[in-house]
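Enquirer: One structure, pasted below without further comment.
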């Protein structure tokens, strides 16, 4: 016999290509004609194939034809034993009582040809099960297990699955569960899977059902159904398990969300395959459900199942994974059961590539184009694309490459969110306050409808940005906004129904109040166009502040202290909050000047932070300062005069703050230079040291800034500490004061 025939059949069945396997065997049988060996082989294979697929008449026909080909002189041979066993199994599966007589004929042959003994005991056990004789079935399976012990792990697993069913029916649930566990452990995660896995899962389902645990029983029955469909299609075994499953549910399957469906599918099939076959590769992958699709956002419902829906998940590989490993993962994913929980995942030309195996770059290229390097790049990415890139659930990510990029998209600098928010507020002003109302006045209802739609979409996108998230694709935008604020969703729904100026005013009012509540603006009465401008100005100031802080932190890290490295040099969080609290109060011109100073110092190798601490030594340790003074940039008379004029104003503000908020002030530095010690530097001395590092141009701008605040009756110290308490999560200075 041509060895290619069994190899081809094995490949087709292993890859679950059942229709192709049947066509191939039928064609080869016709070609075999007088080739007796090949004909017998194919008839036996086809008898088993049809039996497993529930096509019992065809199975019996093939088995009977095979058995009839042996002469009387051959009826003690091993090949005849195999053919007779196939015939008995075909009769048994078909419910034909002739099976008993055939099994009786097989026993002495199986005892002679021991390679068939365990198979005989296994199959006659199934006959005993069918007739309700579970004690006899268990005895037969124990004999089979003894025969297989230490010889064939797969056969032992098959036998244990059958034995677990018998033990369950006999009421020995503890032993049944232990036996079924051993069987499941062998089959779980095999790629491709073994069709006997379904029997082990169904047995486990029976055990949980007998214990009254319907939930775990259902999980095992669901998995068993997936495996049956994968290997054999819908047969009588499928119908039996489906009936048991329906009993667990009390009728109809409960609806599962797409995320829950994916999670269960991954836990049942994906995770075991990865863990068993790709332990090294999983260190360079992330798995989960994310990207495009309503289920990734949690907006799917029963209607969603009509397209591009079903059991699936994503395997995202680090970009440096080699192509051969990627292909192995793709092959393993393709061999997973396509149907689970009664649903089959399907793709169309629009959804292809969203699930399965991909690289990190593949995923982000599809969702956002390119990973943004700059704020300008980030502004060009539509919010809905970012939402698709950061949504869903990650089951694991061992290398962190994929999660790291997602986190950078989610936690962009504040400036990026302000700039995006500014764009949406500006769009609200254009589409709502101007175009929509103008179109209404012109009685152009169609154009007005277009404008109102754009206006409400911009408002909903603004709401997402205010709440720290990104708005999804248009068809899910309203549902997503309703999650953030049911009240706002109701306002928008009424606006769609009623229209008019009142509708615009109600939406504007809500967005303004949210901007104030989340501290994006302080004046809720400003027109939207001015709010958009203020937000963009704030974005620019924050962006400049971040650039300054980045240079500052690098310099601070390199400061050499006399007593060794200070603990605060390893606390970026506190450093960042303190510096942001100050810089966020500066205007744009001043910030640009400060950045120019730091950039110039960096380019010529100066450490401005080291210089700042050195200037403080004039007051804290004057003798030591005298030694290093000549190594520092000289402070001219004009610059010193500016410092001497500025410092008293800011000291006065700190004194006022200490009176109003003694608890908060008590956690800060001493205020006055005369309170300095060699180990404790006052606020005034720290201020003088910092101002000494400013260029004359920057110091002049800073002086004008201070005078402006002073003339309007403000308090810079209070503004700075207000920023700090907000960054630490307090709503107000009063709340922070009470917490002291």
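Enquirer: Considering only DSSP beta bridges whose two residues both sit in the chain, what percent are antiparallel, to the nearest 5?
Expert: Of those bridges, close to 75 percent are antiparallel.
Enquirer: In µm²/s, what is D for region 505-559 at 20 °C and 1.002 mPa s, where D = kT/(6 pi eta Rh) by Stokes-Einstein and Rh is the Kirkwood radius from Cα pairs?
Expert: Estimated via Stokes-Einstein, D reaches 164 µm²/s.
Enquirer: Follow-up question, since we're still on this one. Starting from the Kirkwood radius over alpha-carbon pairs of region 121-191, derive D by Stokes-Einstein at 25 °C in a medium of 0.890 mPa s and give it in µm² s⁻¹. Please report the intermediate quantities before stating the final value.
Expert: Details: Rh = 11.9 Å.
The calculation lands on 206 µm²/s.
Enquirer: Could you let me know the centre-to-centre spacing of region 176-221 and region 517-554, using Cα atoms, in angstrom?
Expert: Taking the Cα centre of region 517-554 as reference, the centre of region 176-221 is 59 Å away.
Enquirer: Still on this structure, please answer the following. Whole-Å semi-axes of region 414-535's equivalent ellipsoid, largest first, each the root of 5 times a Cα gyration tensor eigenvalue?
Expert: On the way: eigenvalues 94, 54, 32 Å².
Sorted largest first and rounded, they come to 22, 16, 13 Å.
Enquirer: Next question, about the same structure. Taking the Cα atoms of region 258-410 alone, what are Rg (to one decimal) and Dmax (as a whole number) in Å?
Expert: Taking only Cα atoms of region 258-410, I get Rg and Dmax of 15.1, 46 Å.
Enquirer: Here is a further query. Could you list 512, 36 in order of exposure, starting from the residue whose Cβ has the fewest other Cβ atoms within 10 Å?
Expert: So the ranking, lowest neighbour count to highest, is 36, 512.
Enquirer: Go ahead and run the numbers for FRET between residue 327 and residue 185, Cβ-Cβ distance against an R0 of 25 Å, rounding to 0.05. Numbers along the way, then the final one.
Expert: Details: r = 28 Å, r/R0 = 1.12.
Efficiency at R0 = 25 Å is approximately 0.35.
Enquirer: Sticking with this one: Just to be sure I follow: if Rg is taken over the C-alpha atoms of region 366-455 and Rh is the Kirkwood radius over the same atoms, what is Rg/Rh?
Expert: Reported Rg/Rh (Cα atoms, Kirkwood Rh): 1.16.
Enquirer: Starting from a Cα-only point model with no solvent, please compute log10 I(q)/I(0) by Debye for region 522-616 at q = 0.15, 0.18, 0.19, 0.20 1/Å.
Expert: -0.67, -0.87, -0.94, -1.01
Enquirer: If you don't mind, there's one more thing I want to ask. Tell me, what is the percent relative contact order of the chain, built from C-alpha pairs under 8 Å that lie six or more residues apart?
Expert: 7
Enquirer: How high is the FRET efficiency from residue 518 to residue 740, r the C-beta distance, R0 25 Å, rounded to 0.05?
Expert: The pair residue 518/residue 740 has a calculated efficiency of 0.50.
Enquirer: So, one more: Consider a paramagnetic label point 7 Å from the Cα of residue 707 along Cα→Cβ; state which residues of region 627-665 have an amide N under 16 Å from it.
Expert: Output list for this probe position: 638-650.
Enquirer: Something else: In region 154-274, if every C-alpha pair distance is counted and binned at 5 Å from zero, what percent goes to each bin?
Expert: P(r) over region 154-274, rounded to whole percents: 2, 13, 21, 24, 23, 12, 4, 1.
Enquirer: Also, quick follow-up: Could you tell me the calculated FRET efficiency between residue 478 and residue 352, based on Cβ-Cβ distance and R0 = 25 angstrom, to the nearest 0.05?
Expert: Working from the Cβ atoms, E equals 0.35.
Enquirer: Going by C-beta contacts inside 10 Å, put 321, 25, 204 in order with the fewest on the left.
Expert: Fewest to most other Cβ atoms nearby, the residues stand as 321, 25, 204.
Enquirer: While we're on this one: Based on alpha-carbon centroids, what's the gap between region 104-155 and region 670-687 in Å, whole number please?
Expert: The distance from the Cα centre of region 104-155 to that of region 670-687 comes to 91 Å.
Enquirer: Please work out the C-alpha center-to-center distance from region 380-448 to region 16-48 and express it in whole Å.
Expert: Distance between centres, Cα-based: 60 Å.
Enquirer: Once Rh for region 655-697 is found with the Kirkwood sum over Cα pairs, what is the Stokes-Einstein diffusion coefficient at 25 °C and 0.890 mPa s, in µm²/s?
Expert: On the way: Rh = 11.4 Å.
In µm²/s, the coefficient rounds to 215.
Enquirer: When the Cα atoms of region 195-350 are enclosed in a convex hull and the volume is divided per residue, what value in Å³ results?
Expert: So the per-residue hull volume is 132 Å³.
Enquirer: Hey, got the Cα dimensions of region 4-96 along the principal axes, in Å, largest first?
Expert: So the three principal-axis extents are 38, 32, 19 Å.
Enquirer: Using square roots of five times the C-alpha gyration tensor eigenvalues, list the equivalent-ellipsoid semi-axes of region 244-301 in whole Å, biggest first.
Expert: Sorted largest first and rounded, they come to 27, 19, 5 Å.
Enquirer: To continue, here is another question. For 420, 105, 738, what's the fewest-to-most ordering of other Cβ within 10 Å of each Cβ?
Expert: So the ranking, lowest neighbour count to highest, is 738, 105, 420.
Enquirer: I need to check one value: relative contact order of region 258-410, counting alpha carbon pairs closer than 8 Å and at least 6 residues apart, in percent.
Expert: 35
Enquirer: Right, here's the next one. Report the label-to-label distance for residue 71 and residue 453 in nanometres (one decimal), using points 7 Å from each Cα along the Cα→Cβ vector.
Expert: In this crude label model, residue 71 to residue 453 measures out at 8.4 nm.
Enquirer: On to the next question. Evaluate the Debye formula for region 99-152 with equal point scatterers sitting on the alpha carbons, no solvent, and hand back log10 of I(q)/I(0) at q = 0.16, 0.29, 0.31 Å⁻¹, in q order, two decimals.
Expert: The calculated log intensity ratios at q = 0.16, 0.29, 0.31 Å⁻¹ are -0.43, -1.15, -1.22.
Enquirer: Calculate how large, on average over all directions, the projected area of the Cα convex hull of the chain is; give the answer in nm² to one decimal.
Expert: Orientation-averaged projected area of the Cα hull: 46.0 nm².
Enquirer: Helix 214-232 versus the longest principal axis of the chain: what angle, 0 to 90°, nearest 10, using Cα atoms?
Expert: It works out to around 60 degrees.
Enquirer: On to the next question. With an 8 Å cut-off on Cα pairs and a minimum separation of 6 or more residues, tell me the relative contact order of region 601-738 in percent. The partial results should precede the final answer.
Expert: Values: 121 pairs, mean separation 39.0, N = 138.
Relative contact order of region 601-738: 28 percent.
Enquirer: Right, another one. How much length would be gained if the chain were fully extended between residue 107 and residue 7, taking 0.36 nm per residue of separation minus their Cα-Cα distance, in nm to one decimal?
Expert: 33.0 nm
Enquirer: For region 601-738, divide the Cα radius of gyration by the Kirkwood radius and give the resulting Rg/Rh value with two decimals. Present the calculation step by step, with values, prior to reporting the outcome.
Expert: Values: Rg = 16.2 Å, Rh = 16.3 Å.
That ratio equals 1.00.
Rule-based calculations on the coordinates, nothing more; no lab input. Since the model is a prediction, treat every value here as computed from it, not as a measurement. Neighbour counts are summed over all protein chains in view; Cβ atoms, including those assigned to glycine, are modelled from backbone coordinates with ideal geometry.
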